Amino acid sequence: MLFTVLLLLKILLFMNLTKVKYNGPIIFTISSLIILFLFSIIYFSKIRRKGIAAFVFYCIISTIMFVDVMYYTYFNSLPSVVMLKQFNQLGAVGDSIKDILTFRNILFILDIPFIILYLYKRRSKLVETKKYNKYISWGIPWALALALASIMVFLIRVDLFGPVTNQEIFTYHAKDIKRAILGEEEVAEGVAIFTQEDLEELLERSKLKEGKYTGIGKGKNLIVIQVEALQNFVINHFYYGQEITPNLNRLIREQGSIYFDNYFQLIGRGNTSDAEFVTNNSLYPSMEEPTYEQYEKNTFYGLPWILRDNGYTAWAFHGYEKDFWNRDRAYVNQGFQRYVNQDDFDIGETIGFGIVDKDFFNQSIDYLKELDSIDPNPFYAFMITLTSHNPFKMPEKYQVLDIREEHKETILGRYLQSIHYADEALGEFLDRLKEEGLYEDTVIAIYGDHFGITGVYGPVQEIMTDYLGYPYDIDEMMRVPLIIHVPGKDINERISKVGSQLDFLPTILNIMGIQNEKGIMFGRDLINYEGESLVAPQTYALKGSVITDQVFLEMSRDGIYQNSRAFRLDNREPVDPSECRQAYERAIAEINKSDFILKRNLLKDIIEGNGKIDPGKLLASQLELDKLIKETDSTLESLSQAYEEGYKAMTIDLSLDEDGEVIVGDNIPFGDFVRWSDDHKGFYLITRAQEDYKEIYSTILNRYNVIQDRLIPEIQEFDEYITLSFRKYYNMILNVEKMDYTHEQILEFIERHSLFALAMDGDRANTDLVKKARQKGTLTYVLDINDSKARKKLEKNQVYGFYE
């Protein structure tokens, strides 16, 4: 009973700390029922040491809640099990964790040592032999399970299952683990993945258009510096009379400088590494794993490759371990010809992660001189600083700012000292460039990778709001500066158009006067683009959040759009979220398109086609299937007979056996079928999996991918398409015979998604659905029509083929 009460109290605390705003009573009820059910299983079981078992369960759940709230405090979202892959990096950010180790967070595990002591003293009484009536031992757990199941059914019927389970701890983690195992991905409602028109628009978007400042840096070297945790609020800022970033401020005031003051971070699971990925590639980052790890072997055509194709030599510089974030491997396909890392520097003084910024810049000068001397062509140097990393603990000799007592032991005080040092290191580096004769012929871009001070943790928000004199919210947290300096140019401008790291590539290509001849970019040239800005963050603000030139929309954590909050950027007045719906849909669509490109490695095809590849080759099915599809009984005998009769398209039924193995028909192991296929070439199989389709197609992908391109899944629900497309099944037949969808809904679906064909009954085939589908590039097959006259009539209606 004690453990039950304590866990229920912790659930209430958990809901408070993770900011559950909607459906709280239902969420608490579900958590309570799950806890009661699991404890009832323990106490009514035949386990002799029930107290120990209950305590172990209590510790596990308490620890999970502790980890969840720690993660939520920093990232404003619950963690995913896929993040376990990054557990080896925990030591590198250990000091940062201390800042969020608050008393309320510790409460989840604080009682465990005392309970251990209490149980140790009562260890002789922990053996429980009490037996319960079987009606009680079975009835209570079943009653709790039935109540829980009834609530779940109710939630599904009233469309609240997703919003509730996105916030309730047990169901959230159950869904997350299932997604991780099956390789599923959440896709927002009613949003297209990719179409032929999308590719054409992106190719057009990526073209350099002559405009303001076009080519002012043409032929010059390019140095891009990504500064750790540099936020925009410190620019031109004074801490009680002390200038925080005097060198950056001076650079902004100089002729030749353009300062973007409404520039936002855009990162994924890879934090700093994703900031550089987005900056160099103008693609959205992955939200499954760090992009450099998940897509290490993909083909890219970002800034390093573009500049190399224009005669540049591209090097990357970072003073930390070369394999951190998988940089050493990922940089090869990113286009960097050399990676100057920790192994290449003389490590003297260190702060936090490693070499101090001043030493990093000083020693990098020698490498830049070497780079400059390689040939008469210009170079591209991408540099990543390190010292101003959370938790911002600087040695006393570098704490030159006079920080007031109320800020000395806070993250604000530490951050200001740290970023002041980073600014000083940047100033000395710029001076060295001048001394070495590299400055005048080099375009220099400086930006922050991500925030340093959180805007989602209440106590820190209060400190920042009180200090700044205006609300320190998530939008201000994500705002980082971008400064581009072109020496010798008689320009100086401050640009306040909203943009993000996604926009850096097209913006810098405009300044360098270089055309992106082969690739695609999702960003915009912030100097010349006059349309509505769009920043679509996915970390700290959930996917669906959006920043435009006027408004910030933060997607509600329960996933219900109407529960989101929105406000104007200029005066922070609330805005009805319904007014932002169009921007929200644009943001979701852009993210999904980019994700689709990464998952299919489509850039490889685009690059090989030199940017002029036929979009239909990428997205429209290239499958040439016979007009007749043979229905079989899913035995090897019937398949062989159909094959010998000349059929090249046959149907088979798939299922799972008790051991989770894929079965063809009633009893043929899929492995036997694969071996059969080795002797029978040039065929396609229309596969039907009525149940367990996710598990079935995932198993085939993981174990039998050698035959995957011969399979054409026949799906019967719209949502099956999304699931299978992320499992790399690109040719599908949508069977609408038993669907209740209208013709308009079906046509809208095939317009947004690339299907090979529709399968339908004769009645639908006699309507204009067939012709309209054909106009959208989708073929039609008809079921159960064997009469030759009827078939000819349907063929006149543009029916392509038949099942027989």
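Checking each residue in region 717-739 for being crowded, with 18+ Cβ neighbours inside 10 Å, at pLDDT 80 or above and not in a helix (DSSP H, G or I) picks out ASN731, MET732, ILE733, LEU734, ASN735, VAL736. Considering only residues in region 183-214 that are among the acidic types (Asp, Glu) and modelled with pLDDT of 70 or more, the one that is nearest to ARG494 (Cα to Cα) turns out to be GLU210.
If we keep just the residues of region 772-803 that are among the basic types (Lys, Arg) and in contact with a strand residue (DSSP E or B) (Cβ under 9 Å, 6 or more places away or on another chain), which is most open to solvent (accessible area, probe 1.4 Å)? Within region 772-803, the match that is most open to solvent (accessible area, probe 1.4 Å) is ARG774. Taking region 334-343 as the range and being more than 13 Å from TRP315 (Cα to Cα) and out of contact with any Gly (no Cβ under 9 Å at 6 or more places or on another chain) as the test, only ASP343 passes. Can you give me the number of residues within region 692-707 that are open to solvent by less than 70 Å² (accessible area, probe 1.4 Å), closer than 17 Å to ASP672 by Cα and either hydroxyl-bearing (Ser, Thr, Tyr) or free of Cβ contacts under 8 Å to residues at least 24 places away in the same chain (or both)? So the count comes out to 3. From the list ILE527, ILE511, pick out the single residue that is aliphatic (A, V, I, L, M), assigned to a helix (DSSP H, G or I), more than 24 Å from the chain's Cα centre (by Cα) and within 14 Å of TYR259 (Cβ to Cβ). Criteria check complete, one pass: ILE511. Within region 624-648, residues that are in a strand (DSSP E or B) have Cβ atoms under 7 Å from residues that are among the acidic types (Asp, Glu) in these pairs: LEU628/GLU804; LYS630/GLU804, counting only partners at least 6 apart in sequence or on another chain. Can you find even one residue in region 682-690 that is within 39 Å of the chain's Cα centre (by Cα) and more than 23 Å from MET760 (Cα to Cα)? Yes: one or more hits.
Of the set (1) outside any loop (DSSP other than H, G, I, E, B); (2) in contact with a Phe, Trp or Tyr (Cβ under 7 Å, 6 or more places away or on another chain), all apply to ASP503 but (2).
Would region 560-578 turn up any residue that is touching a residue at least 40 places away in the same chain (Cβ under 8 Å), in contact with a Gly (Cβ under 9 Å, 6 or more places away or on another chain) and open to solvent by less than 70 Å² (accessible area, probe 1.4 Å)? Yes.
Of the residues making up region 540-559, those that are farther than 21 Å from PHE260 by Cβ and in contact with a helix residue (DSSP H, G or I) (Cβ under 9 Å, 6 or more places away or on another chain) number 9. Being among the hydroxyl-bearing types (Ser, Thr, Tyr) and within 27 Å of GLY458 (Cβ to Cβ) holds for only one residue in SER31, SER40, and it is SER31. Report, by residue number, each residue of region 485-504 that is open to solvent by 10 Å² or more (accessible area, probe 1.4 Å) and among the β-branched types (Val, Ile, Thr). Result: ILE491, ILE495. Filtering region 309-323 to residues that are open to solvent by 30 Å² or more (accessible area, probe 1.4 Å) and touching a residue at least 40 places away in the same chain (Cβ under 8 Å) leaves ASP309, ASN310. Here LEU553 clears all of (1) within 17 Å of LEU266 (Cβ to Cβ); (2) open to solvent by 30 Å² or more (accessible area, probe 1.4 Å); (3) without any contact (Cβ under 8 Å) to a residue 40 or more places away in the chain except the condition numbered (2). The set of residues from region 159-170 being open to solvent by less than 20 Å² (accessible area, probe 1.4 Å) and either at pLDDT 85 or above or closer than 14 Å to ASP68 by Cβ (or both) comprises VAL164, THR165, GLN167, GLU168, ILE169. Of all residues in region 241-261, those that are free of Cβ contacts under 8 Å to residues at least 60 places away in the same chain have Cβ atoms under 8 Å from Cβ atoms of residues that are assigned to a loop (DSSP other than H, G, I, E, B) and open to solvent by 30 Å² or more (accessible area, probe 1.4 Å), 6 or more apart or on another chain, in GLU243/HIS237; ASN249/ASN236. Among the residues of region 199-214, the ones that are part of a helix (DSSP H, G or I) and either open to solvent by 10 Å² or more (accessible area, probe 1.4 Å) or β-branched (Val, Ile, Thr) (or both) come to 5 in all. Within the set ILE61, ILE26, ILE47, the sole residue that is more than 28 Å from VAL460 (Cα to Cα), at pLDDT 90 or above and among the hydrophobic types (A, V, I, L, M, F, W, C) turns out to be ILE26. Is it the case that ILE712 is crowded, with 18+ Cβ neighbours inside 10 Å and among the hydrophobic types (A, V, I, L, M, F, W, C)? Here the answer is yes, as ILE712 does meet what is asked. If you filter region 339-390 down to residues that are within 33 Å of the chain's Cα centre (by Cα) and among the β-branched types (Val, Ile, Thr), you find that the one that is surrounded by the fewest Cβ atoms within 10 Å (Cβ to Cβ) is THR350.
With respect to the conditions (1) of a type outside the set (Ser, Thr, Tyr); (2) touching a residue at least 40 places away in the same chain (Cβ under 8 Å); (3) not in a loop (DSSP other than H, G, I, E, B), GLY413 lacks only one, and its number is (2). Residues that are open to solvent by 30 Å² or more (accessible area, probe 1.4 Å), at pLDDT 95 or above and hydrophobic (A, V, I, L, M, F, W, C) occur at least once in region 215-232.
The values are calculated or read from the model by the stated rules, or taken from the named source; none is laboratory data. Worth saying up front: this structure is predicted, and the values here are computed from it rather than measured. Cβ coordinates were reconstructed from backbone atoms using ideal geometry, including for glycine residues, and neighbour counts include every protein chain displayed. SASA here: full protein model, heavy atoms, side chains in, ligands and nucleic acids out. Shrake-Rupley method; radii C 1.70, N 1.55, O 1.52, S 1.80 Å.
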